[in-house]
Structures are given as structure tokens and as C-alpha cells.
Amino acid sequence: MKKEKKEVYKEARYGRKALMVFSSVLLAISIGIIAFGICLVIEGCKSDVASSIAFNISFGVMLILLSLASGSISLVMLLTSLGMIKNNQGNVKDGNRAIGTINISKCDKCGSQLTENAAFCHKCGCPVDGTVACQCGTINNIESEFCTGCGKAIERDVSKTTEK
């Protein structure tokens, strides 16, 4: 199980690096095309031939506008990739799946860190989401109608159950 999670992190880091490289290259290309477009506009303004003026200026402006659009997109991608996969605080059920917290869940009542298969918080005794305790002490799934330990019908006491 832990090996699979390490692979997920490895793939996520690879994806982040790939996105950073791709967006950086795209940004550099966009800047180069903008410079080329500016040169075309300048050459068009210096030209004496009418067809050359119209072509150079219109093509240069088109290149500049398209490169500005692709450059902005690549800049957003770069900034997004820089903010990806950082350590996060919180519970996995809240969507915090960053490095360092994927295996960590916290008690909804006191906030202490829970072990992987905990049914109750070790500090405050609050049941973990999705579990219900039977009178015999067996921890059962919230959807269970009968106890897996003693076979009796599970009493639904609102204070002892927490649903997802």
C-alpha cells in the first residue's frame, strides 16, 4: 500500500516538473515570436513598397497578439505548476491530498492526528467518520445493521455515530 502511495507522489512530482518545463519553453517561444513580430512591424514601417508595408505590419501584429495569448497561458501554467504539491494541513476527507498528508487524517472534534485504521480518536474518544460502536465494543461500518462481533442489531444512537 505504501509503495503505491510513493508511486503517486513520484508521478505527481514528475508531472509538476514536466508542466514547469513545458510552460517555460512555451513562454520563451512566445517571447521570441513577439520580438519577431515587433521586428516585422518595424520593417513594414521602414519599407517603401505598399504591399510589403501591409504584409509586414498586419502579419507582425497578428504574431504579437497570438504570442501574447499563448504567453499568458504559459505564464499561468508556470505559476500553477510552482504552487502544486506543497505540504498541506488538514484531513484527507477534506481534499487535502498533498505530500505529507495523504496518510494523515485528523479528528473532527479535537484535531489530533489519527492512526491509519483508527475507529476512535485516541485523545478524545470521538468515533471516526463512517463507524458506529456496538454495545459490546465492536466497531462496525456505519451502514451495518447488525454487529460483526456479537450479531445483535446495532442501536442508532446519534451521539455515537458520525456519517460521511
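The values are calculated or read from the model by the stated rules, or taken from the named source; none is laboratory data. Predicted, not measured: the structure shown is a model, and the values here were computed from it. Here the Cβ is made from the backbone with ideal geometry for all residues, glycine too, and neighbour counts use every protein chain on show. The protein model used for the area step is the full one, side chains on, heavy atoms only, and it has no ligands, DNA or RNA in it. Shrake-Rupley method; radii C 1.70, N 1.55, O 1.52, S 1.80 Å.
Quick look at the values:
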item	result
Subset tally (residues that are open to solvent by 100 Å² or more (accessible area, probe 1.4 Å), out of contact with any Ser or Thr (no Cβ under 7 Å at 6 or more places or on another chain) and either at pLDDT below 80 or closer than 19 Å to ALA118 by Cβ (or both)) for region 146-159	3
Selection count where residues are surrounded by 18 or more Cβ atoms within 10 Å (Cβ to Cβ) and under 26 Å from LEU78 (Cβ atoms), scope region 18-59	5
Matching residues, region 122-136, being surrounded by fewer than 14 Cβ atoms within 10 Å (Cβ to Cβ) and either in contact with a Phe, Trp or Tyr (Cβ under 7 Å, 6 or more places away or on another chain) or under 11 Å from LYS109 (Cβ atoms) (or both)	LYS123, CYS124, GLY125
Residue in region 137-145 that is part of a loop (DSSP other than H, G, I, E, B), exposed (fewer than 12 other Cβ atoms within 10 Å of the Cβ) and modelled with pLDDT of 80 or more present	yes
